[in-house]
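Structure first, commentary second.
The values are calculated or read from the model by the stated rules, or taken from the named source; none is laboratory data. This is a predicted model, so every value here is computed, not measured. FYI the Cβ positions are ideal-geometry reconstructions off the backbone, even for glycines, and counts take in every protein chain you see. With ligands, DNA and RNA removed, areas are computed over all heavy atoms of the protein, side chains included. Shrake-Rupley method; radii C 1.70, N 1.55, O 1.52, S 1.80 Å.
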Amino acid sequence: MPAADNKSKGASERPIVPDVVRQHAEQAAFFWAQRDTLMTDDPPDFHVVAGVDRRLEANLDGLRIAGPAAWPFIVAAYDDFPEKGELFLYAWMAIEQRDGSRLAEAIELGRQSKEDARGLVGALAWHKPGMIAAEVRDWIGAQDAFKRFLGISACLGHSVDPKQLLTRLVRDPDARVRATSLRLAGKLKRADLVNELAAALSDADELTRFWAAWALTELGSGDLASPELRKVAVGGSPGAMTALRAAVKAAPDKDVRAWMGELLNAPETAPLAVRGAGMLGDRNILHWLIHQMRDPALARAAGVAFLELYPEAREDGQLFSVETSLLGKSFADHFDDDPPYLPVADNVKNWAKMRNLLE
């Protein structure tokens, strides 16, 4: 890791308050990491994310004002805690300052990171396309596979179509580049690549197969994608919820409901079935969902499914709790007196009745 003082030489003489700049750096890293985690929820609470975004931007503004003088604090933050939020901050500032040497450092830090360089990719997505266009053009055709990954990830983050290059990138020798390119093809609905996507269902790399299946579903070819999506959905990987949502979209409603019924019959997959039921968009299952909320093993999935069908319920702070006195003895036993945030079935039932959602 480069020393902080080497890169801060020649910084602006603009006076700063060190403790304030340090706080801006630490909070910016924290808020971006928090945002990134929140966005992995399915579905995300965009109202909460928007609040985090405002706090993040306020701290980034503080760093903009500090200018190059902020670098010692950014470097120190990464040295102390080299995680995704700190990597985001390092890369964001390098791009903001158009500092090529710092950006090169950020790339190497991303190459070494354990989380697929999420912070670096996040910084590319946070900046406007014009700020990173020149770099992305260089990276996307580079011999370095990691730079190609960064280039295609930036295109994904901004929904930019690399045109003919995408035809080559979906067949890239690097699995991470292939998977990201296939995801972009689906997001852009590049129907001209449907044969490439179908061929990728036989790829040796699991993540590549998954994004090929997801992309095919986006293009209306879910009949080809369903087996792979269902396999990923029940596999418990970080992409399981994305796969489940795509699997629900990929097949006719009757087939999906039959599959959900099979999942519900096995204790290990029953929560997946309850969660998937909320993705069907059918509010007529509310009474059934409330019944599932009374089962400690299914309550979490039922609560998320409920919020997907009734997002307005997020505004009522009485519907979810961690208190065993509200959830019941069975929850206290199941969670050893320490349950997560779960729906209170009786409160949800009363909420629904007050709105004439239940007979």
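Considering every residue within the stretch 170-180, establish whether at least one is more than 20 Å from Gly130 (Cα to Cα), hydroxyl-bearing (Ser, Thr, Tyr) and either over 21 Å from the mean Cα position of the chain (by Cα) or surrounded by fewer than 24 Cβ atoms within 10 Å (Cβ to Cβ) (or both).
From the stretch 170-180, those more than 20 Å from Gly130 (Cα to Cα) are 170-180; that's our starting set.
In the following step, the residues that additionally are hydroxyl-bearing (Ser, Thr, Tyr) were identified as 180.
Now narrow it down to the ones that are either over 21 Å from the mean Cα position of the chain (by Cα) or surrounded by fewer than 24 Cβ atoms within 10 Å (Cβ to Cβ) (or both): none.
Checked the stretch 170-180: no residue is more than 20 Å from Gly130 (Cα to Cα), hydroxyl-bearing (Ser, Thr, Tyr) and either over 21 Å from the mean Cα position of the chain (by Cα) or surrounded by fewer than 24 Cβ atoms within 10 Å (Cβ to Cβ) (or both).
Condition first: under 26 Å from Asn284 (Cβ atoms) and either in contact (Cβ under 8 Å) with a residue 60 or more places away in the chain or open to solvent by less than 60 Å² (accessible area, probe 1.4 Å) (or both). Now tell me which residues in the stretch 329-359 satisfy that.
Leu342, Pro343, Val344, Ala345, Asn347, Val348, Trp351, Ala352, Leu357, Leu358 - these are the residues of the stretch 329-359 that are under 26 Å from Asn284 (Cβ atoms) and either in contact (Cβ under 8 Å) with a residue 60 or more places away in the chain or open to solvent by less than 60 Å² (accessible area, probe 1.4 Å) (or both).
How about the stretch 15-122: which helices (runs of 4 or more DSSP H) wholly inside it have at least 1 residues that are under 30 Å from Ala246 (Cβ atoms)? Walk me through how you get there before you give the answer.
Working: elements: 18-38, 46-66, 71-80, 84-96, 100-112.
Result: 18-38, 46-66, 84-96, 100-112.
To keep it simple, each residue is scored yes or no on (1) part of a helix (DSSP H, G or I); (2) open to solvent by 20 Å² or more (accessible area, probe 1.4 Å).
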position: Gly276; (1), (2): yes, no
position: Gly281; (1), (2): no, yes
position: Trp288; (1), (2): yes, yes
position: Gly303; (1), (2): yes, no
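In the set Leu224, Leu197, which member is farther than 21 Å from Arg275 by Cα and surrounded by fewer than 20 Cβ atoms within 10 Å (Cβ to Cβ)? Outline the logic, then answer.
Working: Leu197 fails: surrounded by fewer than 20 Cβ atoms within 10 Å (Cβ to Cβ).
Every option except Leu224 fails the conditions.
Could you please tell me which pairs satisfy a Cβ distance under 6 Å, a separation of 6+ or placement on different chains, a first residue in the stretch 127-152 that is under 24 Å from Leu60 (Cβ atoms), and a second residue that is open to solvent by 30 Å² or more (accessible area, probe 1.4 Å)?
Matching pairs, first to second residue: Pro129/His158; Trp139/Lys147.
Go through the stretch 159-269 and tell me which helices (runs of 4 or more DSSP H), entirely inside it, have 2 or more residues that are in contact (Cβ under 8 Å) with a residue 12 or more places away in the chain and over 21 Å from Asp116 (Cα atoms). Write out each step before concluding.
Working: elements: 164-169, 175-187, 194-200, 206-218, 222-235, 240-250, 253-264.
Output list reads 164-169, 194-200, 206-218, 222-235, 240-250, 253-264.
Quick check on the stretch 89-136: of everything there that is modelled with pLDDT of 95 or more and among the basic types (Lys, Arg), which residue is surrounded by the most Cβ atoms within 10 Å (Cβ to Cβ)?
By that ranking, first place goes to Arg102.
Only one of (1) among the basic types (Lys, Arg); (2) within 24 Å of Phe30 (Cα to Cα); (3) assigned to a helix (DSSP H, G or I) is not met by Lys147, so which one is it?
Failing condition for Lys147: (2).
Filter the stretch 72-91 down to the residues that are within 19 Å of Val20 (Cβ to Cβ) and without any contact (Cβ under 8 Å) to a residue 40 or more places away in the chain and list them by number.
Asp80
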